[in-house]
Amino acid sequence: MKKIILLFLLLTNMTFASDLDFKIGQMIIIGFNGNSVNSFGFKKVLKQIKNNEISGVLLFSKNIKSKEDLINMNKKLTKSASITPFVSIDNEGGIVQRYDFYKHKSAQEVSKLDEFEAKEEYKKLALAQKELGINLNFAPCVDLEINPNSIIKKKERSYGIEPETVSKYAEIFIKEHNKIKIATSIKHFPGHGSVLGDTHKGFVDATNTFQKEELVPYSNLKHYDKLNMVMVSHIFNSNIDEKFPASLSEKTIKNLLVNEIGFEGVIVSDDYDMKAIRDNYSLRDIVVNSINSGINLLIFSNNIETKDGNIAKKIKKIIKKEIELGNIKIEDIDNSYRKIIRLKRRLNS
């Protein structure tokens with residue numbers, strides 16, 4: 001009888017470990033090296049998708065050798081997975097697009113169009129993503145054009161300074177993508193338009209520049225949460241959280257975005273490989289604080305200075321250890337998993 005009980009406990013623990021591994025994997029998106037189905041980097045990430053080690057991939061220019069190669073890679077990624085993987089890209093249009101075989105207008109250019117013309121422009125953009133096999137576009141940018149010297153202004157990434165104008169064009173972007181089952185993500189919460197710095201390059205402080213109007217688009221668009229995410233920036237604002245930047249801040253995410261604004265969808269981090277985070281926090285601190293703050297989906301691009309093909313395994317190891325130590329709640333893992341799976345199912349419904 002004792003042997004039977006021990007065997008039962010062993011099998012139960014193995015099932016729990018396997019289930020937890022799967023749930024954690026669904027919380028991780030990574031970038032990779034490789035630009036064809038035959039490249040080493042692609043084969044490695046394909047194996048990670050097959051083994052449910054990651055939730056999906058983030059594509060950059062380095063991954064796009066040709067339209068045909070991109071389509072073939074994305075088809076293989078999608079067909080290999082037991083659950084639809086996120087095949088994601090940053091494609092706002094203008095300077096922020098990763099391929100050159102189509103040209104899309106920047107947010108600034110679109111803001112000069114009437115609503116019908118904007119709809120046609122974003123219909124074309126969405127259809128291009130569909131053709132390429134992309135099912136998640138980390139756009140539109142809903143930052144307000146407050147600082148004329150900001151990276152948002154310089155790269156034509158904003159629809160303007162008025163929250164209602166920004167919300168109007170962002171809504172068109174979202175609808176045209178969602179119509180054909182492509183998820184989107186408004187960004188960069190709580191706002192990147194008032195600051196001068198660039199979080200790709202280092203620490204950026206919005207304490208003295210942030211304006212409450214920057215939150216308006218998130219309130220206006222919060223009900224588009226069925227196939228829409230909110231991406232949280234690495235901006236620091238001591239008026240919101242005196243200790244952590246937004247992407248590691250419970251006060252910013254759980255208190256402000258979820259409780260005050262009322263967003264109920266998937267919350268995704270900006271790339272944690274950006275220098276604003278990597279230069280100031282250990283991987284352990286990034287993982288623990290991001291999950292405790294309310295991030296559901298963690299992005300590690302492997303595209304700036306850090307290039308680590310084993311990053312998903314390292315993250316999983318940290319999460320499991322910190323759950324055992326009581327520093328991460330299993331409820332937060334379950335909550336993230338439910339949100340992510342619900343969104344993925346809607347992509348196929």
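What the table shows:
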{"item": "Out of Ile333, Ile315, Ile319, sole residue that is farther than 24 Å from Thr184 by Cβ, surrounded by fewer than 21 Cβ atoms within 10 Å (Cβ to Cβ) and of a type in the set (A, V, I, L, M)", "result": "Ile333"}
{"item": "Neighbours by Cβ (under 7 Å, 6+ apart or cross-chain): first from segment 47-76, over 28 Å from Asp21 (Cα atoms); second surrounded by fewer than 16 Cβ atoms within 10 Å (Cβ to Cβ) and modelled with pLDDT under 95", "result": "Lys67/Phe101"}
{"item": "Residue list for segment 54-68, restricted to those being farther than 12 Å from Ile83 by Cβ and either in a loop (DSSP other than H, G, I, E, B) or in contact with an Asp or Glu (Cβ under 7 Å, 6 or more places away or on another chain) (or both)", "result": "Phe60, Ile64, Lys65, Ser66"}
{"item": "Residue satisfying all of: in segment 167-199; of a type in the set (S, T, N, Q) and within 19 Å of Lys212 (Cα to Cα); modelled with the lowest pLDDT among these", "result": "Ser194"}
{"item": "Tally, over segment 37-51, of residues that are crowded, with 17+ Cβ neighbours inside 10 Å and at pLDDT 95 or above", "result": "6"}
{"item": "Residue match in segment 231-252 (condition: of a type in the set (Gly, Ala, Ser) and surrounded by fewer than 16 Cβ atoms within 10 Å (Cβ to Cβ))", "result": "yes"}
{"item": "Pairs, first under 11 Å from His234 (Cβ atoms) and of a type outside the set (Ser, Thr, Tyr) in segment 246-264, second at pLDDT 95 or above and assigned to a helix (DSSP H, G or I), C-beta under 6 Å, six or more apart", "result": "Ala246/Thr252; Leu248/Asn289; Leu248/Ser290; Leu248/Ser293"}
{"item": "Qualifying residue in segment 79-93 (condition: surrounded by 16 or more Cβ atoms within 10 Å (Cβ to Cβ) and in a helix (DSSP H, G or I))", "result": "no"}
{"item": "Residue that is surrounded by the fewest Cβ atoms within 10 Å (Cβ to Cβ) [pool: residues in segment 117-149 that are touching an Asp or Glu at 6+ places or on another chain (Cβ under 8 Å) and closer than 19 Å to Glu213 by Cα]", "result": "Ile146"}
{"item": "Matching option when the condition is surrounded by fewer than 18 Cβ atoms within 10 Å (Cβ to Cβ), more than 19 Å from the chain's Cα centre (by Cα) and modelled with pLDDT of 90 or more, among Asp19, Asp69", "result": "Asp19"}
{"item": "Segment 246-299, residues that are part of a loop (DSSP other than H, G, I, E, B) and closer than 18 Å to Ile330 by Cβ", "result": "Gly294, Ile295, Asn296"}
{"item": "Selection from segment 305-349 of residues that are closer than 18 Å to Ile291 by Cβ and part of a loop (DSSP other than H, G, I, E, B)", "result": "Gly326, Asn327, Ile328, Lys329"}
{"item": "Of all residues in segment 295-314 being in contact with a strand residue (DSSP E or B) (Cβ under 6 Å, 6 or more places away or on another chain) and β-branched (Val, Ile, Thr), the one that is modelled with the lowest pLDDT", "result": "Ile311"}
{"item": "Members of segment 18-44 found to be free of Cβ contacts under 8 Å to residues at least 24 places away in the same chain and out of contact with any Gly (no Cβ under 7 Å at 6 or more places or on another chain), listed by number", "result": "Ser18, Asp19, Asn38, Ser39, Lys43"}
{"item": "Lone unmet requirement of (1) at pLDDT 95 or above; (2) within 23 Å of Glu131 (Cβ to Cβ); (3) not in a helix (DSSP H, G or I) for Arg98", "result": "(1)"}
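The values are calculated or read from the model by the stated rules, or taken from the named source; none is laboratory data. What you see is a predicted model; the values in this text were computed from it and never measured. All Cβ positions, even for glycine, are placed from backbone atoms using ideal geometry, and neighbour counts span all protein chains on display.
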